[in-house]
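J.: The structure is given below, and queries will be raised subsequently.
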Amino acid sequence: MLSIEVLQDQNHSILLLEGEIDASNSIQLDESIRSLADNGAQSILVDGSKLEYISSAGLGVFMSYLEDFQENGISLKIYSLTPRVLEVFKILGLDQLISIFPDKTTALRED
Amino acid sequence: MQHKIQIACRTTALADLRAFLQDTLEKLDIAAKDRHQVTLAVEEVCANLIIHSHQCNEQNHINLEVQDFPDKLVFEIKDKGQAFNLLDYEVPDLKKVISEKRKGGLGIILVKKIMDEIEFESKQGTNICRLIKRFRS
């Protein structure tokens, strides 16, 4: 089960992910990010505090936007990942490619 | 004690697979971090089979058996689809995954990083993939 809530905080769009992301529902994440970008979002923050599990299907979604967002000046930051979800990013070295922060405050501080 | 599950080839069955693995590995006293990682690796292989070998045909099935030994766990995954040998699959470069905007390919990297050994055999229409995780006893 995955639920995605979209919140607006000043100039930031926050995606609050709750539950588990796998091959059955990663399209939900893809559509949420796509829709924010299509609607002109310049800063997307992903709150991972309630994300319990992510498989490569979900990681692949984040990876697929890296280049486009870099070209179009859209910022994508992930914060508050639980240790075991963060570990999955680390196994693949994605923590070096995607901006990941311990919490929202740190994510907002760094540009 | 035997630990087996059969799932239909639909992606929503992956949640059942995870629940089975969590339950089984907890009984086998595997540490939480290892439980999570081997569950992920087994799921990645099954997701590949469901999507690529079986095109999500729910009439088809995958059988998983967890075998526990004092120093290792063996996950035996059987199916009757088009053989997909992980060992033949060239692991894509991360940069290539990004530039081609591929949403796949990462799963196999995870499996190879998490598991210690991968075996594959295919005979008489049945494919067997064995994922082996070693633990220091």
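The values are calculated or read from the model by the stated rules, or taken from the named source; none is laboratory data. In this text, all values refer to a predicted model and were calculated from it rather than measured experimentally. FYI the Cβ positions are ideal-geometry reconstructions off the backbone, even for glycines, and counts take in every protein chain you see.
J.: Only residues in the range B:20-34 that are on the phi > 0 side of the Ramachandran plot count as the first member; pair them with residues that are part of a helix (DSSP H, G or I) and small (Gly, Ala, Ser), Cβ under 7 angstrom, at least 6 apart or cross-chain, and list the lot.
T.: none
J.: Hey, another quick one. Quick one: in the range A:1-32, which of the residues that are over 22 Å from B:Leu40 (Cβ atoms) and among the β-branched types (Val, Ile, Thr) is surrounded by the most Cβ atoms within 10 Å (Cβ to Cβ)?
T.: For the range A:1-32, the residue satisfying everything is A:Ile14.
J.: Go over the candidates B:Lys80, B:Lys96 one by one and state the one that is among the basic types (Lys, Arg) and within 16 Å of B:Ile7 (Cβ to Cβ). I'd like the intermediate steps shown before the answer.
T.: Values: B:Lys96 fails: within 16 Å of B:Ile7 (Cβ to Cβ).
From the options B:Lys80, B:Lys96, the qualifying one is B:Lys80.
J.: Of all the residues that make up the range B:55-97, how many are within 14 Å of another protein chain (Cβ to nearest Cβ), on the phi < 0 side of the Ramachandran plot and modelled with pLDDT under 95?
T.: Taking the range B:55-97 first, the residues within 14 Å of another protein chain (Cβ to nearest Cβ) are B:55-56, B:58, B:62, B:86, B:89, B:91-97.
Those left that are additionally on the phi < 0 side of the Ramachandran plot: B:58, B:62, B:86, B:89, B:91-97.
Still in the list and also modelled with pLDDT under 95: B:86, B:89, B:91-97.
Number satisfying all stated conditions: 9.
J.: Taking the condition modelled with pLDDT of 95 or more, closer than 26 Å to B:Met115 by Cα and under 13 Å from the mean Cα position of the chain (by Cα), does A:Leu86 pass?
T.: Working: modelled with pLDDT of 95 or more: yes; closer than 26 Å to B:Met115 by Cα: yes; under 13 Å from the mean Cα position of the chain (by Cα): yes.
Criteria met by A:Leu86.
Here's the yes/no breakdown for (1) among the basic types (Lys, Arg); (2) free of Cβ contacts under 8 Å to residues at least 12 places away in the same chain; (3) touching an Asp or Glu at 6+ places or on another chain (Cβ under 9 Å):
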{"residue": "A:Leu51", "(1), (2), (3)": "no, no, yes"}
{"residue": "A:Gly73", "(1), (2), (3)": "no, no, no"}
{"residue": "A:Tyr79", "(1), (2), (3)": "no, no, yes"}
{"residue": "A:Asp95", "(1), (2), (3)": "no, yes, no"}
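J.: Taking the criterion of being closer than 19 Å to B:Gly107 by Cβ and modelled with pLDDT of 95 or more, would at least one residue in the range A:33-40 satisfy it?
T.: Let us first name the residues in the range A:33-40 that are closer than 19 Å to B:Gly107 by Cβ, namely none.
No, that holds for no residue.
J.: Return the total of residues in the range A:48-62 being touching a Ser or Thr at 6+ places or on another chain (Cβ under 6 Å) and either within 8 Å of chain B (Cβ to nearest Cβ) or crowded, with 19+ Cβ neighbours inside 10 Å (or both).
T.: The initial filter retains those residues of the range A:48-62 that are touching a Ser or Thr at 6+ places or on another chain (Cβ under 6 Å), namely A:48-49, A:57-58, A:61.
Then drop every residue that is not either within 8 Å of chain B (Cβ to nearest Cβ) or crowded, with 19+ Cβ neighbours inside 10 Å (or both), which leaves A:48, A:57-58, A:61.
The qualifying residues number 4.
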